[in-house]
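Scroll down for the structure; my scribbles are underneath it.
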Amino acid sequence: MSETVTDHENTGPGAEPDDRALLAEAVRSWTRIVAWVLTVGGLVAFIASFTLTVEKIELFKNPDYIPSCNFSPVLSCGSVMATPQAGVFGFPNPLLGIAGFAVVITTGVAILAGARLAGWYWAGLQIGVTLAMAFVCWLIYTSLYTIGALCPYCMVVWAMTLPIFVFVSVRNLHASGLTSRSGLALAVARSHALVLVGVVAVVIVLIAVRFWDYWSSLY
């Protein structure tokens, strides 16, 4: 495949050679990191999506089937899978995960094997992971405030989608040259760990507050 980025794409007009070299090294470093995140995160999310699909098929075959992820009234895949939100596009949501994370895994493995992806591919990947992150945010909201139950396997997918989105975004901020031209872009890229921890903390707090009556009843 073609080179991922060019010097012109990496830097603004008049950029110094040293700046170009540093930015190119940052892109290479982040690309290697992203490859592992895509491979490992994609694999974990794929397994969760595949397992959910199997559970959904079992429910189709036997309405009395109890999914393996039914642990309590709150942690219950069965309750979530029975809602319209579980098939918002007319088919089970996990099928989206199977297809999407298969692409994610393939991309990660290809990079680890030495593939150099074209800029248009990275742009498409960015669009894909951004849409996936937006969909996950919607699923979190509906699980908490519409359905009133949490699907453990779904939460695994949520947990993997977040770092995939963040790391791909940071890599592309460097590759586009924005981090060399914009202090805000550079600050965002440098704060990726804080973003990850912050989002996870917010979701945990929302879950704790939403189901506090249930959690407190356990003690």
Quick check on the range 178-190: of everything there that is buried (at least 18 other Cβ atoms within 10 Å of the Cβ) and either among the aromatic types (F, W, Y) or at pLDDT below 85 (or both), which residue is nearest to the chain's Cα centre (by Cα)? T179
Taking L139 and the conditions (1) loosely packed, with under 15 Cβ neighbours inside 10 Å; (2) more than 20 Å from T31 (Cα to Cα), which numbered condition does it fall short on, given that it satisfies the others? (1)
Taking the range 80-95 as the search range and keeping residues that are of a type outside the set (S, T, N, Q) and surrounded by fewer than 17 Cβ atoms within 10 Å (Cβ to Cβ), which one is nearest to the chain's Cα centre (by Cα)? L95
For S76: the one exception among (1) modelled with pLDDT of 90 or more; (2) out of contact with any Phe, Trp or Tyr (no Cβ under 9 Å at 6 or more places or on another chain); (3) surrounded by fewer than 20 Cβ atoms within 10 Å (Cβ to Cβ); (4) polar (S, T, N, Q): (3)
Only listed residue being outside any helix (DSSP H, G or I) and either more than 17 Å from Y153 (Cβ to Cβ) or modelled with pLDDT of 90 or more (or both), chosen from S49, S2: S2
Sole exception among (1) of a type in the set (A, V, I, L, M); (2) assigned to a helix (DSSP H, G or I); (3) out of contact with any Leu (no Cβ under 7 Å at 6 or more places or on another chain) for L117, by number: (2)
Criterion first (surrounded by fewer than 20 Cβ atoms within 10 Å (Cβ to Cβ), in contact with a Gly (Cβ under 6 Å, 6 or more places away or on another chain) and either touching a residue at least 40 places away in the same chain (Cβ under 8 Å) or more than 20 Å from A35 (Cβ to Cβ) (or both)) does R210 satisfy it? no
Could you pull out the residue among S169, S180 that is touching a helix residue (DSSP H, G or I) at 6+ places or on another chain (Cβ under 8 Å) and closer than 26 Å to T142 by Cα? S169
Quickly run through the range 123-146 and pick out the residues that are of a type outside the set (A, V, I, L, M) and under 16 Å from G100 (Cβ atoms). G124, Q126, G128, T130, F135, C137, W138
Going through (1) in contact with a Gly (Cβ under 9 Å, 6 or more places away or on another chain); (2) in contact (Cβ under 8 Å) with a residue 60 or more places away in the chain; (3) closer than 24 Å to F135 by Cβ one by one, L23 fails only at (3)
Can we say A86 is of a type outside the set (D, E), assigned to a helix (DSSP H, G or I) and within 17 Å of A132 (Cα to Cα)? yes
Tell me the residue from A102, A149 that is among the hydrophobic types (A, V, I, L, M, F, W, C), closer than 15 Å to V80 by Cβ and in contact (Cβ under 8 Å) with a residue 24 or more places away in the chain, please. A149
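The values are calculated or read from the model by the stated rules, or taken from the named source; none is laboratory data. Computed from a prediction, not measured in an experiment: that's the story for all the values here. Virtual Cβ from ideal backbone geometry, glycine too; neighbours counted across all protein chains shown.
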